[in-house]
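First comes the structure, then the notes that go with it.
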Amino acid sequence: MDYGNIYQNALSQIVNATDRASSAIQAHEIIESILAQRLESKNGISANDAALLLSTLRNQDLRSSWPSILAAASILRARCYGTHVATMVPIEIGSYCSSNCAFCGWRRDNSAMLRLRVKRSALISQVRHLAKMGFSHFELSGGDDLIFLQSELYDTVKAVKSVIDEVTCGGRLSICLTPLMAQHYDGLREVGLDTVLTWQETYDRTTFQTLISKGPKANGIDDNFQLVRGGDGFLSRASSQERAVKAGLQVGIGVMLGLAPCPEADILSTILHGQHLLYLAGDSAKPLIIGMPTWNPITTSVSDNHSSWHRPFEVNEVFEIIGAIYLLCFPDFKAWIFPNCRVPMETQVSTIKTAGVFTSTMVRVGPGAYLADTSGEDVFQEIFQASSEDTKKLTCQDVLQGEQFQHHFHSHADYLKAFMESGIHVVTDATLLKLALQ
Ligand code: SF4
């Protein structure tokens, strides 16, 4: 796939999408017809039709189609997944990131940020703690930490998956780290990895290069986990999922909503990318996880770039309709729409009800933060193998504030209550996976 031009191709389709209709009324009729055909079939809607649905995001005259789009997605969601949702939980390995993304608190030039790296034993303690709460999908994340990749990646994945097998029934493990090479993904599958999540941030190369200035994300890494001097991090990232799919892994894709100048083109690029990956994987394709990250403020307000970035829409206003369009664009059972805790719980739950079947709850995006929450400051020397501050002087608040970005925190129990009140029931993601592969 020509990842370098995917955004431009998508942009052309978005620009021309409304040419099919001579008025908003006719566009609405075409959208009704697209939705009716989608519900009669098991296949996702075409890119051309997706472009028209996406044109409703910012065109006020076309927003009258939103109720129909939401209703169609709800019918499809119920048909494929009933009332089920699977919950995942990220566990951070550390915040020593050597990339420099303008939207992130862990970017390497953010000297106001506390840096921590967690011991393997503490990662495992967190898995045990979170498994008792009912989580069945665990994500190891932590930015671009080349020291971790070079010295600990395989052993950590193997050890964590072994504990997941011990303490859950069919629990699964994902990574959300630097995009890796084919041999890495092969090796990781062999030691128990299930899923690779790689968020592209944006398929618009100009925006990508403007916001991501240095490090592995800007330049990619090689087979030895070394930075590629002058390398193309954009393409290395965009092709990560192809390498992971070929290794037999499930993959996640997604853009940060509202980052590109034309967010509709970025969303359509995600759809085109996903359709290509499903084609590559053929009959045995595992469901794609479609992430929906947003640019939130970071925890070190003195170094936050959040307010300087122009957003083309208010994310909360369009989040649910974007989730619905994503679901409609992929074949039945082949997409897990992933609303997360970056939006308020009310938006997250309503999007789950309409389209989402994979979600996070009770997220602590700080290294060691689940233990800081429950064990207190006495254990910090046991938790962290590296720290930019003396661990003897760290407070719980320091650790909880060491997060990548701000999010909406509620307890897992509060999420479960909100799900129940909305008629949503938690299952393992292994249960959802069986639906796709039956
Ligand atoms: S978004 Fe990821 S790669 Fe970029 S600075 Fe943050 S942790 Fe590092």
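The values are calculated or read from the model by the stated rules, or taken from the named source; none is laboratory data. Because the structure is predicted, anything quoted here is derived from the model rather than measured. Neighbour counts are summed over all protein chains in view; Cβ atoms, including those assigned to glycine, are modelled from backbone coordinates with ideal geometry.
Search segment 189-206 for residues being without any contact (Cβ under 8 Å) to a residue 60 or more places away in the chain and under 19 Å from the mean Cα position of the chain (by Cα), and hand back the single one that is farthest from the ligand (Cβ to nearest atom). So, considering only residues that are without any contact (Cβ under 8 Å) to a residue 60 or more places away in the chain and under 19 Å from the mean Cα position of the chain (by Cα), the one farthest from the ligand (Cβ to nearest atom) is D194. Kindly indicate which of G402, G366, G423 is more than 16 Å from the ligand (Cβ to nearest atom) and either surrounded by 15 or more Cβ atoms within 10 Å (Cβ to Cβ) or under 15 Å from T83 (Cβ atoms) (or both). Unique residue meeting the criteria: G423. In this entry, V163 is excluded by the filter for residues that are in contact with a strand residue (DSSP E or B) (Cβ under 7 Å, 6 or more places away or on another chain) and hydrophobic (A, V, I, L, M, F, W, C).
Return a yes/no flag: does segment 52-66 have any residue that is touching a Cys at 6+ places or on another chain (Cβ under 6 Å) and at pLDDT 95 or above. So that I can check it myself, show each step before the final result.
Step one: of segment 52-66, the residues touching a Cys at 6+ places or on another chain (Cβ under 6 Å) are none.
No, segment 52-66 contains no residue that is touching a Cys at 6+ places or on another chain (Cβ under 6 Å) and at pLDDT 95 or above.
Here R172 clears all of (1) crowded, with 22+ Cβ neighbours inside 10 Å; (2) within 14 Å of the chain's Cα centre (by Cα) except the condition numbered (2).
Among the residues making up segment 131-157, those that are buried (at least 17 other Cβ atoms within 10 Å of the Cβ) and over 23 Å from R115 (Cβ atoms) are A131, F135, S136, H137. Within this structure, A86 fails the test of being outside any strand (DSSP E or B), away from the ligand (no atom under 16 Å from the Cβ) and of a type in the set (A, V, I, L, M).
Name the residue that is nearest to the ligand (Cβ to nearest atom), counting only residues in segment 100-130 that are among the small types (G, A, S) and crowded, with 19+ Cβ neighbours inside 10 Å.
Initial filter on segment 100-130 (among the small types (G, A, S)): 102, 105, 111-112, 121-122, 125.
From what is left, the residues that are crowded, with 19+ Cβ neighbours inside 10 Å are 105, 122, 125.
Working: G105: 7, A122: 19, S125: 23 Å.
Top of the filtered list is G105.
Within segment 94-112, how many residues are within 24 Å of L153 (Cα to Cα), in contact (Cβ under 8 Å) with a residue 12 or more places away in the chain and out of contact with any Pro (no Cβ under 7 Å at 6 or more places or on another chain)? It would help to see each step written out before you state the result.
Residues of segment 94-112 within 24 Å of L153 (Cα to Cα): 94-101, 104-108.
Within this subset, residues satisfying the condition of being in contact (Cβ under 8 Å) with a residue 12 or more places away in the chain are 94-101, 104-106, 108.
Add one more test, that the residue is out of contact with any Pro (no Cβ under 7 Å at 6 or more places or on another chain), and what stays is 96-97, 100-101, 104-106, 108.
Qualifying residue count, segment 94-112: 8.
For the criterion of being in a loop (DSSP other than H, G, I, E, B) and crowded, with 19+ Cβ neighbours inside 10 Å, Y203 passes. Taking helices (runs of 4 or more DSSP H) as the structural unit, those lying wholly within segment 313-423 and holding at least 3 residues that are within 30 Å of W66 (Cα to Cα) and modelled with pLDDT of 95 or more correspond to 315-329, 345-354, 412-421.
Just checking, how many residues over segment 213-258 are within 23 Å of Y154 (Cα to Cα) and either in a strand (DSSP E or B) or away from the ligand (no atom under 16 Å from the Cβ) (or both)? Here the count works out to 20.
Restricting segment 219-244 to residues that are of a type outside the set (S, T, Y), crowded, with 21+ Cβ neighbours inside 10 Å and under 19 Å from the mean Cα position of the chain (by Cα), which is nearest to D2 (Cα to Cα)? First the steps, then the outcome.
In the first step, residues of segment 219-244 are kept if they are of a type outside the set (S, T, Y); the result is 219-235, 237-238, 241-244.
Pick out the ones that are also crowded, with 21+ Cβ neighbours inside 10 Å and you get 220-221, 233-234, 237-238, 241, 243-244.
Among the residues that remain, those that are also under 19 Å from the mean Cα position of the chain (by Cα) are: 233-234, 237-238, 241, 243-244.
Numbers: G233: 15, F234: 12, R237: 13, A238: 10, Q241: 14, R243: 15, A244: 18 Å.
Out of the qualifying residues, it is A238.
Candidates are the residues of segment 45-67 that are touching a Leu at 6+ places or on another chain (Cβ under 7 Å) and part of a loop (DSSP other than H, G, I, E, B); the one that is surrounded by the fewest Cβ atoms within 10 Å (Cβ to Cβ) is I45.
The conditions of being within 23 Å of the chain's Cα centre (by Cα), polar (S, T, N, Q) and either in a helix (DSSP H, G or I) or within 26 Å of P261 (Cα to Cα) (or both) are met by S74.
How many residues, within segment 176-188, are within 11 Å of the ligand (Cβ to nearest atom), of a type outside the set (A, V, I, L, M) and farther than 22 Å from L272 by Cα?
First pass over segment 176-188, keeping only residues within 11 Å of the ligand (Cβ to nearest atom): 176-179.
If we keep only those that are of a type outside the set (A, V, I, L, M) as well, we get 176, 178-179.
Imposing the further condition that a residue be farther than 22 Å from L272 by Cα reduces the set to 178.
Count: 1.
Cβ-Cβ distances below 7 Å connect the following pairs, each with a first residue in segment 370-393 that is closer than 26 Å to F135 by Cα, a second residue that is among the hydroxyl-bearing types (S, T, Y) and surrounded by fewer than 16 Cβ atoms within 10 Å (Cβ to Cβ), and a separation of six or more residues or different chains: E377/T395.
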